[in-house]
Each structure stands twice: as structure tokens, then as C-alpha cells.
Amino acid sequence: MTLKARITAIDRFITGCREDGIYDDLNACCVMAGWDSLAGALTPLKGAAPTNANFLNADLDRGIGLKGNGSSKYLDSNRNNNADGQDDAHRAVWVSNAATSTASGPATYPVYVGTGAFNGSDNVGRLQSNSNNFFHRSRSLTQTFTPGAASVTGLLGTNRDSSSGYTLRISGVDNAISVASQTPLSSSLNVYKATADNITYSNATIAFYSIGSATDLALLDARVSTLMADLRAIEEAGFDRDAIAYIRAVEEADGAYLETSVKTAINNLVSGLKSDGLWESMASTCLLSGPRTLAGALVPLRGDAPTAEGGWASGDYDRATGLTGDPTASLYLNSNRANNADPQNDAHLSVYLTSPVTSGGVYGLIGTGQSTPLASHVVGINSIDSAFFRSNAPTSLDIVSAGQSTGLYGVTRNSASLFSVRVQGSSSSLAETSVTPASLNSYVFARNNNGTAGNFSDPTIAFYSIGTSLDLAKLDSHITAYVTAIGAAV
């Protein structure tokens, strides 16, 4: 980000808030996204500077804000809870990544911003991840919950301008809460935990907070949303448009924003693939590492989304390493790309393993095949000792001692007379005349055998691609760099 661009975005936010008549309501306010250092993130837009408790520069992502750790890190806003009137107060946060918790009771649910013990008053939000509820209160001993909102991002806030009730803003909607007000506690409001509770720390990533008198939360939401969009646009200046489109689709599926380092890794990958002339050949491609969730990982980088078959669960996915198969559960991905969608003599398959197949037998990593005629286009493991590769051919090329490898396994054909493979960082070829490809969808973590999934495998796969022929060595280089960058980023 350039300083000038950041100043322009902040100026636009302040000017807009003044135009809306809400700027004077923001009595203690910090914009924590957009800055290169923690000092910048904790410089107040208005009011007193917060006191930092245990946050480090490493906790700041300039694209999405400051991440809590759920155990010891918080901010004292230095704004007293009763500095705003009993019936004239708002508290709001912009959440880039929601808090998670395994807490067993309301007294231990993580707090975004608040004061008081569990039985005290004035907590903006308590989050119950195990039952998917968002808890909130405003100047009241009565705590209200919103079901199904534990992982909501964006603006979360309460606004009280009446003794009989308050407004909760969540998921872009104002909700009227009928709860009478009580005298507010006299203590400073904290962000990432409640003042009196030492067990309610949040691990959320927060990009903005404001505390002050009663305000229009819908107007505040619109202005903060615009500010965050401006800051993301500055952060992504110069990004490839296909990378940005993919990032936005993943963030929608994840329900949270990706870290700057992850977005940079994605952009570098897409730009590199295009620079080396690989992008157009990758007709069906998924990055099975990097996104925050399994749903995000199944968003295609190119082509159709795969169908997850067999009952995949969130525990099967690790964003640093990828998706891990389970033959006992018959887990596999249907790529939804037919093998004959690519020409007989112009096709490739590849997967990138971060952990190998763990047991003996014949296992499919990716591909399809039919018995009559035998026209497999597949990459697999044979009795764990060796890897086998076929490309629209009845005969396989076996690479001894490659069955326990990690990295890229790929096969490509660009002629009728031979195909090439890559594994263990080396390339080989087999002279084998091609035959008509099977018209079956290619599977990942299995092989499509005459229309039936079989030969299920249990590696951890961080990437796969299907399409026309390409340079496997160049592909290997780019995917290795991406997987390495994601491992460092998350």
C-alpha cells in the first residue's frame, strides 16, 4: 500500500461519516487494517489510543487487521463504559475472521468487545461456536443470542437509543432487541475480551472498532464496508484479475477474508502460470491448500468445481498441507471433467502430494480408465514401491521407488507416439501409441474404473490439474513455490 492511497481511503471514510452525521458518535475508534506496523494499527482515528496487552507486529495483517490468540491478547480501549449515556451508546467491530471456541458455557464464550463479568452488564458479543450462536447485550443483565451466527463476519454491533430496547447489527441487518436498560458499569471497555473475565479471550481477526454514543449502525456498516473494500483494493493493486476473481470466490465460500500473504501466494502462482504459458492448459484445477475451509478448497481455480464424494469432513482438510483421503471411507473427488474433453494426443493430469500413500496395494491418485479397450489416463501407486502413469494408453510407465514420494506426480501427452511423466523432481518418457480416450470423468484420490470409483488412496493432496498437454517441470516449479509459500503463510 502507498501512504497516499491509504490517506485517500481514510479521508473518504471520515468525509462519508461526517456527511452521514455519524462521525461525532465515534468517540473511541481504531482502523486496524491497512497499516504496515502495529503502531499504525493502534493509532486511534478518534479518542484515546488503546493500551496493547501482548499483541506483536506478527499478529497484524495489513489486509484484514489484528488477530487475537484466544488466551492472552487484548486491547484496553481506554474508553469508560459509562462515558456514554445509559440510553445513548453504541459498540461495533468489523470482523474479518470470526472467533472460534470450544468453550462449554456462556461464561467462557469469547468476547469481541465488552466490559463486565458474565453476570455483569454491557457485553457487545459472546460467541458460542459449539452451538453456533452469537450472544449480545447492551446495558442489560439479560443476554440475548442469535442462532446460527457464530461465524458471521463484517460489522457486528449494538446501538441503544432507548430505555426499552436496542438494535443489533449483524449480517447486514438491524435486529430490534426488546430489553430494558440498566445503569452501565464504570469500567473501561476492552476489545478481544471482557474487562472482568480472564477466560473470554477471542481469536478473531478484527479490522475496526468503534465505541461511542448512539448511532445509525446501517450507515456505519456501509462506510466501514467501503473503507475495507478500498483497503483491499489498495492491497491487491497490480494483482492478476483471474487471481482476484478466485480470491473473492474463496472468501465467499470461506465466509472470511484471506490473509495478505495467502493472496500474494495465489497471485504469484496465477501470474507465474500465465507467464510460462501453462494457464490455458489447466482446464480443471483446484488449490486444495491455502483457503481457510474445505468449502473454500473446493472452489476451482479454473474449470468446474469438483464434487466431494463419500462424506468428507472439515477434519480431512489442513489449509497448510491439503486434503487427506481415507480409503476405508471411500473418499474421493469427482473432477466433473470428462477424460475425452481433452484431445487424445493433447492431455495432462497432475497432483501435488504433501504426504504420500501410506499402505500397499494399487491406488489411484487421479484419473480414469476402461477395460475395453484398455485406455487409462491415470496416475497411481503400485504396491507402494512404485508409481505408475498412463496417458490414453494400455501400457503404463512404472517409476520404481517413487511410490512414497511427495511433490508433483504428473503425466502429459503431446504426440501420438509417446507420453512424458514427472515425479521426484525428474522427468521421463515412454514410447507408447495412444488410443481413443475413455469418456469418463477423472477422479482424484481414486480412479474411475469403467464408471465406478475404486482404488481409493490416502495421501494429502495440495493441488490437482487436468487439461491439455503442458511442461510438467515448469508446473512442478510453480506449484512447489506455492505450497511452500502457503506453509509459511498459515
Item to check | Where residue 99 falls short, out of the listed (1) touching a Pro at 6+ places or on another chain (Cβ under 6 Å); (2) part of a loop (DSSP other than H, G, I, E, B); (3) more than 23 Å from residue 154 (Cβ to Cβ) | outcome: (3)
Checklist entry - So residue 268 clears everything in (1) under 19 Å from residue 480 (Cα atoms); (2) crowded, with 19+ Cβ neighbours inside 10 Å; (3) not hydroxyl-bearing (Ser, Thr, Tyr) except one condition, right? Which one? => result (2)
Item to check | Per-region count, the range 167-207, residues buried (at least 24 other Cβ atoms within 10 Å of the Cβ) and of a type in the set (D, E, K, R) | outcome: 1
Checklist entry - Hey, which of the strands (runs of 3 or more DSSP E) in the range 268-383, taking only ones fully inside, have at least 2 residues that are modelled with pLDDT under 95 and in the same structural domain as residue 467 (by TED's automatic domain parsing)? => result 362-369, 376-382
Checklist outcome for this item: Selection over the range 5-23 where residues are over 16 Å from residue 228 (Cα atoms) and either outside any helix (DSSP H, G or I) or under 32 Å from the mean Cα position of the chain (by Cα) (or both) yields a count of 2
Checklist outcome for this item: In the set 79, 62, the lone residue that is more than 25 Å from the chain's Cα centre (by Cα) and not acidic (Asp, Glu) is 79
Next on the checklist: Can you go through 129, 164 and tell me which one is farther than 21 Å from residue 27 by Cβ and at pLDDT 95 or above?
Outcome noted: 164
Checklist entry - Which of the residues spanning the range 166-184 are under 15 Å from residue 211 (Cα atoms) and either out of contact with any Lys or Arg (no Cβ under 9 Å at 6 or more places or on another chain) or not in a strand (DSSP E or B) (or both)? => result 168, 169, 184
Checklist outcome for this item: If we keep only residues of the range 1-18 that are among the hydrophobic types (A, V, I, L, M, F, W, C) and under 18 Å from residue 237 (Cβ atoms), then the residue surrounded by the fewest Cβ atoms within 10 Å (Cβ to Cβ) is 3
Checklist entry - modelled with pLDDT under 90, touching a Pro at 6+ places or on another chain (Cβ under 6 Å) and either surrounded by 15 or more Cβ atoms within 10 Å (Cβ to Cβ) or in the same structural domain as residue 480 (by TED's automatic domain parsing) (or both) - does that describe any residue in the range 396-403? => result no
Checklist outcome for this item: Residue hits (the range 244-258; of a type outside the set (Phe, Trp, Tyr) and either buried (at least 17 other Cβ atoms within 10 Å of the Cβ) or outside the structural domain of residue 292 (by TED's automatic domain parsing) (or both)) are 244, 247, 250, 251, 253, 254, 256, 258
Checklist outcome for this item: Filtering strands (runs of 3 or more DSSP E) wholly in the range 394-490 for at least 3 residues that are among the β-branched types (Val, Ile, Thr) gives 460-467
Checklist outcome for this item: Note: among 230, 216, just one is touching a helix residue (DSSP H, G or I) at 6+ places or on another chain (Cβ under 6 Å) and among the acidic types (Asp, Glu), namely 230
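Name the residue, out of 240, 230, 254, 216, that is out of contact with any Cys (no Cβ under 7 Å at 6 or more places or on another chain) and within 22 Å of residue 136 (Cβ to Cβ).
Result of the check over 240, 230, 254, 216: 216.
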Checklist entry - If a residue has to be in a loop (DSSP other than H, G, I, E, B) and either free of Cβ contacts under 8 Å to residues at least 24 places away in the same chain or of a type outside the set (Asp, Glu) (or both) to count, how many in the range 228-263 make the cut? => result 7
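So that you can scan it fast, the table gives a plain yes or no per residue for (1) surrounded by fewer than 17 Cβ atoms within 10 Å (Cβ to Cβ); (2) modelled with pLDDT of 90 or more; (3) among the aliphatic types (A, V, I, L, M):
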residue: 84; (1), (2), (3): no, yes, no
residue: 101; (1), (2), (3): no, no, no
residue: 104; (1), (2), (3): yes, no, no
residue: 109; (1), (2), (3): no, no, no
residue: 112; (1), (2), (3): no, no, no
residue: 121; (1), (2), (3): no, no, no
residue: 135; (1), (2), (3): no, no, no
residue: 140; (1), (2), (3): no, no, no
residue: 154; (1), (2), (3): no, yes, no
Checklist entry - Just a yes or no: is a residue in the range 10-17 out of contact with any Pro (no Cβ under 7 Å at 6 or more places or on another chain), in contact (Cβ under 8 Å) with a residue 40 or more places away in the chain and of a type in the set (Phe, Trp, Tyr)? => result yes
Next on the checklist: I'd like to know if the range 153-165 contains one or more residues that are under 23 Å from residue 63 (Cβ atoms), under 24 Å from the mean Cα position of the chain (by Cα), among the β-branched types (Val, Ile, Thr) and in a strand (DSSP E or B).
Outcome noted: no
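Hey, among 75, 60, which residue is under 27 Å from residue 149 (Cβ atoms), without any contact (Cβ under 8 Å) to a residue 40 or more places away in the chain and surrounded by 20 or more Cβ atoms within 10 Å (Cβ to Cβ)?
On inspection, the qualifying residue turns out to be 60.
The values are calculated or read from the model by the stated rules, or taken from the named source; none is laboratory data. Every value quoted in this text rests on a predicted model; they were computed, and no experiment measured them. With ideal geometry, Cβ positions are generated from the backbone for all residues, glycine too; neighbour counts draw on all protein chains shown.
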